[in-house]
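Let me begin by presenting the structure, written as C-alpha cells, before commenting on it.
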Amino acid sequence: MIRFENVTKRYRGTSKPALSDVDFEVQRGEFVFLVGASGSGKSSCLRLILREDSPSEGRVVVLGRDLRTLSNRKVPYFRRHIGSVFQDFRLLPNKTVFQNVAFTLQVIGASRAFIQQAVPEVLALVGLEGKQKRLPHELSGGEQQRVAIARALVNRPQILLADEPTGNLDPATSVDIMQLLARINAGGTTVVMATHEAAFVDQMQRRVIELSGGVMMRDERHGGYGDISAIPTLMPVEEKGAAAVAALTAVLELQREIIGTAGGDATPPTQDAAERPVPLTDLLAAPADATPFPAPAASLAPAASGEPATPAEPAERHAAPAAPVVPAPQPQAVASAPETTTDGAEPPTRTNPVTIELPPVELDELGLADRLGLGGRSADDEVGPTS
Ligand SMILES: Nc1ncnc2c1ncn2[C@@H]1O[C@H](COP(=O)(O)OP(=O)(O)OP(=O)(O)O)[C@@H](O)[C@H]1O
C-alpha cells in the first residue's frame, strides 16, 4: 500500500540528507508509528507519501502508483485517497464544524445531497453529533482534533496520515484521540502516525519504524518507543517545607493503611488512588456494548439500521471542566467506568485494571477495497479519476 524503495531526500541548501536510503513497506490495514527525535525525518516521510515532495533518490509507491510518474495534474485526485491530520488541527476558523468537514467534499464537487448525508454521519462517527454549528474556537482542543479527523475521513480515504495528532492535547484527551485512531484502523483504514508519544507507542504495541538523523534504525512489528534515555526528563525541584509535607504524607498514608486494614479491602477515596495512572490498554479497550468503529463504507451508509455508529465515548464529556481538586486522571475515559461518581455516594474504589487487547488486524481479511466500493480494481489501477 505504501512502499519506500531506498529513498533519500535532500533539501536544497542542506548538506546532510533528511532521509537516507529509507526502505520499508506498509501493508493495507496496518497501524504504523513513525518515531524518532525532532528532525529525524518523520514529517519528510509523510510529505513524500502525500506527494507534497519528491525523493532525491529512490522511489515512493503509494496505492499502486509510482509517485515519480504521477503528473502534477493528477496529484489532487491521488490525494483524495489519503486523509491527513496534523498537530495544529488546521481548521478553517470562520467555518462551522459542519462547514469545515463539508469543505473537503465541496472541493471535489460532491453533490449537496451526499454532503448532507455524509457529514453528519462522519461527525457522529468521531463523537461530535450535536456540535455541527459550533465554530472551532467554541470547541476544546480534543474536539477540534476530532473535527480534523472527521474532515480527513469524510472522503473515505484508504490511508490516514497523522503527524503528531496529539501534540497539542492533554494526556487524557490524547488517549481519546488514540482510541479513535485505533478504531478507525480497526475499520480497515491504514494509519501511519508520526509521534513523540513514547507511552502510546509502547502500550499500543503496533508496528514501529524508527528514524534517527534520516536513517531507519528499526522496523519492528510490535514495537515500543525504544531508547528514551536521551530524552531529558524534568527533575523534581526541592521546595521549602518539603520535608514537613513528606512527613505529613507519611502519617496520612499510615492512617489510610490502618483504616484499610480495619475496614476490609475497600480503599478509601484518596487523591493517590485517583491519580494512579491507568494503563493505556485499559483506556483503549472498547466497552462490551460498544459498536466497533465500522468500515468506512459501512459507517457512511445511511443510518437506517438505527445503530448509531458512534465511538463509545462521545467528546462532550471533555467539554465539562475538570474537577477542581483532583487533577483529572481522565480515565473516566475508562469506558466501563463504574468508578467515576459525581454524587459522592460511593467512594471511587479502583478494581484491578483489566487489560483488553486492541482488536488484532487481520490484513488478509480486511477486504478494504470492497468495503470502500472500490472492489474489482487491481493494486496497479489508477487510484482515482485521472483524466
Ligand atoms: N523544507 C526544508 N528545507 C530544508 N530542510 C528541511 C526542510 N524540511 C525539513 N528539513 C530538514 O530535514 C530534517 C528532517 O525534518 P523533518 O521535519 O522531516 O523531521 P521530523 O522528524 O518530522 O521533526 P519534528 O519531529 O520536529 O517534526 C531536519 O533536519 C529539517 O531541518
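The values are calculated or read from the model by the stated rules, or taken from the named source; none is laboratory data. This structure is a prediction, so every number in the text was calculated from the model and none was measured. Every residue, glycine among them, receives a Cβ derived from its backbone with ideal geometry; neighbour counts consider all protein chains shown. For accessibility, only protein heavy atoms count, side chains too; no ligands or nucleic acids. Shrake-Rupley method; radii C 1.70, N 1.55, O 1.52, S 1.80 Å.
Just a few scattered comments:
- Filtering segment 186-201 to residues that are open to solvent by 10 Å² or more (accessible area, probe 1.4 Å) and farther than 15 Å from Pro171 by Cα leaves only Ala186.
- Residue list for segment 188-212, restricted to those being assigned to a loop (DSSP other than H, G, I, E, B) and out of contact with any helix residue (DSSP H, G or I) (no Cβ under 6 Å at 6 or more places or on another chain): Thr189, His196, Glu197, Gln205, Arg206
- The lone exception for Val26 - which of (1) of a type outside the set (Lys, Arg); (2) open to solvent by less than 20 Å² (accessible area, probe 1.4 Å); (3) without any contact (Cβ under 8 Å) to a residue 60 or more places away in the chain it fails: (3)
- Filter pass, Leu123 being more than 16 Å from the ligand (Cβ to nearest atom) and assigned to a helix (DSSP H, G or I): yes
- Given (1) within 17 Å of Ala162 (Cβ to Cβ); (2) at pLDDT 95 or above; (3) of a type in the set (Lys, Arg), number of the condition Arg51 does not satisfy: (1)
- Checking every residue in segment 88-98 against the condition of being away from the ligand (no atom under 16 Å from the Cβ), at pLDDT 95 or above, in a helix (DSSP H, G or I) and buried (at least 22 other Cβ atoms within 10 Å of the Cβ) gives at least one match.
- Checking each residue in segment 204-221 for being within 11 Å of the ligand (Cβ to nearest atom) and open to solvent by less than 10 Å² (accessible area, probe 1.4 Å) picks out Leu211, Gly214.
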